[in-house]
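Working notes, structure below.
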There are 2 protein chains.
Amino acid sequence: MPHNKQILLDNRPTGEAVASNFKLVSSETPALQDGQVLVRHHYLSLDPYMRGRMNDSKSYAAPQPLGQVMQGGTAGEVVESKNAKFSLGDKVVGFGGWQEYSVVDAGQVGMLRKVDTAHIPLSAYLGAVGMPGVTAWYGLMKICEPKPGETVVVSAASGAVGSVVGQLAKARGCRAVGIAGGKDKCDYVVQELGFDACVDYKAHKDPKSLYAALKDATPNGVDGYFENVGGVIMDTVLARMNAFGRIALCGMIAGYDGQPLPLTTPQLILTNRLKVQGFIVSEHMEHWPAALTELGTLVATGKLKFRESVAQGIEAAPEAFLGLLKGRNFGKQLVKLI
Amino acid sequence: MPHNKQILLDNRPTGEAVASNFKLVSSETPALQDGQVLVRHHYLSLDPYMRGRMNDSKSYAAPQPLGQVMQGGTAGEVVESKNAKFSLGDKVVGFGGWQEYSVVDAGQVGMLRKVDTAHIPLSAYLGAVGMPGVTAWYGLMKICEPKPGETVVVSAASGAVGSVVGQLAKARGCRAVGIAGGKDKCDYVVQELGFDACVDYKAHKDPKSLYAALKDATPNGVDGYFENVGGVIMDTVLARMNAFGRIALCGMIAGYDGQPLPLTTPQLILTNRLKVQGFIVSEHMEHWPAALTELGTLVATGKLKFRESVAQGIEAAPEAFLGLLKGRNFGKQLVKLI
């Protein structure tokens, strides 16, 4: 029975999340019962939605319980099995949480999925070929509904979700414009990911300056907007939306610490006859197979690029997560556990 | 050639619209050319959208030109005709503007429509069986998409649009809840129109009190919201929306004078996976025949009730319009011109 280091939620943030909200503990993994498997996690996924669950407020997901292992997606390897469908050495993706090992009732549908690592790296199943990729695919395809020649804007453009949104939009014949923080991220978005333009919001602290930069980048206005951050950035893009534009509301990370996050000019939704729609990808499981097939093929053939920020060791997870909330990561934030 | 009194837009409002923005003039109606008809207006329709057109700002419609007759829907009678399809005495509905007579190129599609006044009063074609009724029908049916047992809320509930929204929602098996200003309007909405409940926003100046009253009226939350006003009322209803709720954004009269109209908690659109969609009924002409058929049948059979505020004489139009913007009307605001 291996030794298992775990990170618990010890107490809830008041305002900004801090390292002392978390607590490192360790224990022995329990003996397996019939049907269970023991997974050694190679990678833990860190995602912005986790911040929402740290609050004890009504949201789409139940709050993360106090004193329990932080929830999160994981990719790893079966190291012990009492389930006929899983063998030692199988590479698997699941929801094992912030810990080195998890015991999984592998018979339950959706708990654990075997993945092919011959053509796709294991870590990608937590990013471009996983929940973030499907999030990008669903919001773009089913809400933004891009048509060739249209302009699609995405915020947090260098991130796990945003990077996929822009590349999929390009593949559909759209002008893809990112918004990201800093020259390095913007250069990456344009030069590596192939977006047509990227606006560095950190270089435009003043809303008028940000609007002018976005206007330069979107000479024909904006038809589809994939929103990951909210706040001033959302206000600014709203002012560039064309009639009948579509906004997929995926994240509003700017408000996760409880700060006010008003939308300044909601009347633009009316005057431009926009559709603004919030979504959570886990409620649209029927689209996952089609999305994962496309995303997996694109990654395996090198047509969909992504970048990862990898922290080492479970002890590093809290700081890596707090950095993610501040945009210190560059691409998909992972924690490597082996 | 009859004498024709007209109201022009003389100058644009700075902030609130005032009577001196308008100017009364009169002239002789010109001689008809081939294909034209002369319509004597019996009723002029006053509608909130007109306030938006008084501004010289980008909106969905071109601004009302200065020095020209105020635009608006009219219902009347053909009093002279050089068009074979129209005869003296025909009752017609068109877009004749704030004047007593209009000369219409009746050959152009959509300029003038003959209506049956045997079963439906002429004035109703400017209200429940006209643009306001179709607005209610479209926003409710195509955006709110009500299902039996759901709760539908509508603001400006006693008005030309809101009164139809609630009655159509009731007919589809929904709980219909209105928001209106004053006890008289709320009593009317419940007792005459058959809504299940109505919240008097004037009795709840404090947002918390308004929320508490709305909560009492919507014990199962809100699934569909038809928004006519914006501002604090929209914020309050947003906080009562159920997961997967739909909001039809039809009007935001609270912001027509240019005052800030922020949406305080747009993150609720995300956490509750809402759809918020703006629309303008004139862009959905393909739905008008179905809507008018249903609305006409309901009015003719007494199943759809409505109320009118009628000002007398073209001179009374500006004050009646300014009163409409302040909610002083009760039901559809008309000006009777004969």
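Taking only the Cα atoms of the range B:84-129, how large is their convex hull per residue, in Å³? Don't skip to the end; give the middle numbers.
Numbers: hull volume 4.4 nm³, N = 46.
Each residue corresponds to 95 Å³ of Cα convex hull volume.
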Exercise for the section: Quick one, can you get me the convex hull of the C-alpha atoms of the range A:192-338 expressed as volume per residue in Å³? Expected result: 166
Practice task
Would you be so kind as to identify which of B:Leu193, B:Val134, B:Gly331 lies farthest towards the positive end of the dipole of chain B, taking Lys and Arg as +1 and Asp and Glu as -1 on Cβ and the Cα centre as origin?
Solution key: B:Leu193
Problem - Compactness relative to 2.2 N^0.38 Å, alpha carbon Rg of the range B:64-155 - result: 1.37
Problem - Computed over the range A:21-68, Kirkwood Rh from alpha-carbon pairs, angstrom - result: 13.9
Fill in the blank from the handout: Here the alpha-carbon Rg of the range B:1-141 over 2.2 N^0.38 Å rounds to 1.10
Exercise for the section: For B:Met285, go 7 angstrom from Cα along the Cα-to-Cβ vector, then report the distances to that same point in the other copies in nm, smallest first. Expected result: 4.7
Completion exercise
Computed from every Cα-Cα pair in the range A:143-212, P(r) in 5 Å bins starting at 0 and rounded to whole percents is 4, 20, 29, 23, 15, 8, 1
Practice task
Report Rg(Cα)/(2.2 N^0.38 Å) for the range A:48-96, keeping two decimals.
Solution key: 1.54
Practice task
State log₁₀ I(q)/I(0) for the range B:131-282 at q = 0.14 Å⁻¹ as given by the Debye formula over alpha-carbon point scatterers of equal weight, solvent excluded.
Solution key: -0.58
Practice task
Before anything else, pin down the relative contact order of the range B:151-249: Cα pairs under 8 Å, at least 6 apart, normalised by residue count, whole percent.
Solution key: 27
Exercise for the section: Using the 7 Å Cα-to-Cβ label point, sort the distances from B:Asn220 to its equivalents in the other copies shortest first and give them in nm to one decimal. Expected result: 4.6
Exercise for the section: Choose one answer from A:Ser45, A:Ser282, A:Ser155: the residue with the largest mean-square fluctuation in a GNM of chain A with alpha-carbon springs under 10 Å. Expected result: A:Ser282
Problem - Shielding by partners - mean other protein chain Cβ count within 10 Å, residues of A:76-83 - result: 0
Practice task
Could you give the size of the charge dipole of the range A:131-282 about its Cα centre, using +1 on the Cβ of each K and R and -1 on the Cβ of each D and E, expressed in debye and rounded to the nearest 20?
Solution key: 320
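When DSSP assigns beta bridges and you keep just the ones with both residues in chain A, what percent turn out antiparallel, to the nearest 5? Kindly include the intermediate steps, with their values, before the conclusion.
Working: 31 of 57 bridges.
Taking every DSSP beta bridge within chain A, about 55 percent pair in antiparallel fashion.
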Completion exercise
Whole-Å distance linking the alpha carbon centroid of the range B:182-232 with that of the range B:57-112 is 37
Practice task
For chain B, go through all pairs of different Cα atoms, get the mean of 1/r, take its inverse, and jot down that Kirkwood value in Å.
Solution key: 20.6
Handout entry: Teacher prompt: B:Glu315 distances to equivalent labels in other copies, 7 Å Cα→Cβ, nm
Key = 9.0
Completion exercise
Within the set B:Met50, B:Met285, B:Met111, GNM on chain B using Cα springs under 10 Å gives the largest fluctuation to B:Met285
Fill in the blank from the handout: In a Gaussian network model of chain A with springs linking alpha carbons closer than 10 Å, the residue among A:Gly73, A:Gly94, A:Gly255 that fluctuates most is A:Gly255
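Summarise the partner chain shielding of B:276-286 as one whole number: the mean count of Cβ atoms from other chains within 10 Å of each residue's Cβ. Intermediate results must be reported in sequence, preceding the final value.
Working: counts 10, 8, 13, 5, 4, 0, 0, 3, 0, 0, 0.
Averaged over the peptide's residues, the number is 4.
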Problem - Magnitude of the charge dipole, chain A, Cβ model with Lys/Arg +1 and Asp/Glu -1, debye to 20 - result: 620
Exercise for the section: Give the Rg/Rh ratio for the protein assembly as shown, taking Rg as the radius of gyration of the Cα atoms and Rh as the Kirkwood radius, to two decimals. Expected result: 1.06
Fill in the blank from the handout: Expected integer from the mean partner chain Cβ neighbour count at 10 Å over B:243-250 is 3
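No lab work stands behind these numbers, since they all come straight from the coordinates. What you see is a predicted model, and the numbers here were worked out from it, not measured in a lab. Cβ: placed from backbone, ideal geometry, glycine included. Neighbour counts: every protein chain shown.
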